[in-house]
Amino acid sequence: ISGTKDEGSEWIRHDDSLDPSLTIDMPEFDEKNEAPETTYYKLWKEGTTEPEELELTGAGEESNNLFGTISELDGVWNLKYYTMDNAGNRSPNEDSYSETIKIDLTKPGVKLKNIRTETSNAPQIIKRLFGNFFNDKLIVEFEVSDETSKIKSFEYRIGKDGNFTSADVESGATETSALYSFEIPLETYGKEVYLRAADNAGNIYEDVLK
């Protein structure tokens, strides 16, 4: 099983330089030509029906990439496999070897939902004279979603310098969909707002709000 994982993560994430792949090495024949010669396997995505087993023939060879013909890899995959020789000896003796493979190659989805202005309590005559100067701030709301490895964070930064700050999570949020909001103070009007969302696989969405 090959693919890019961040340290401590169970998920294979997107990497332009390395696509996920899954191969099975068939055992070598021994001196008596009695080593297992056929490998049987099942590969299916969680939430779908477990399929009939398929077979790989050959000894001392590597199979083709079993993910190679699958167009949608995002999700949790189950793999079961075993080998058998001509005499019917099976390895392992019972059941099968098994692996769970978690793949998320998609960045979190981020969509601007609303921008609203909160105004001060200054007298109307002053507001008419000075206009938006007496608007306290803008409240910006974004909808963030990630169906596979789930949302890890949504952050923002006002201006090119400084650290990112976690946005506030609105009520009703779930692991896969949440509404976030943050304030843009009056004194920062005109500065670019940098956005960053991450999922638990390590896929990063980045954008600039101008």
TODO: Could you please find all residues in region 173-201 being touching a residue at least 24 places away in the same chain (Cβ under 8 Å), in a loop (DSSP other than H, G, I, E, B), over 22 Å from ILE103 (Cα atoms) and open to solvent by less than 70 Å² (accessible area, probe 1.4 Å)?
DONE: GLU192
Task: Failed item in (1) open to solvent by less than 30 Å² (accessible area, probe 1.4 Å); (2) modelled with pLDDT of 95 or more, with THR106 passing the rest - done: (1)
TODO: Name the residue, out of ILE204, ILE151, that is crowded, with 20+ Cβ neighbours inside 10 Å and under 21 Å from the mean Cα position of the chain (by Cα).
DONE: ILE151
Open item on the list: When the residues of region 93-119 are narrowed to those that are out of contact with any Ser or Thr (no Cβ under 9 Å at 6 or more places or on another chain) and part of a loop (DSSP other than H, G, I, E, B), which ends up nearest to LEU179 (Cα to Cα)?
Closed with: LYS107
TODO: Provide a single number: the residues in region 149-163 that are more than 16 Å from LEU179 (Cβ to Cβ) and not in a strand (DSSP E or B).
DONE: 6
Open item on the list: Out of the residues in region 70-94 meeting the condition of being among the polar types (S, T, N, Q) and open to solvent by less than 50 Å² (accessible area, probe 1.4 Å), tell me which one is nearest to the chain's Cα centre (by Cα).
Closed with: ASN78
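The values are calculated or read from the model by the stated rules, or taken from the named source; none is laboratory data. This structure is a prediction, so every number in the text was calculated from the model and none was measured. Reconstructed Cβ throughout: ideal geometry from the backbone, glycine too, with neighbour counts over all protein chains shown. Please note that ligands, DNA and RNA were not included when accessible areas were found on the heavy atoms of the full protein model with its side chains. Shrake-Rupley method; radii C 1.70, N 1.55, O 1.52, S 1.80 Å.
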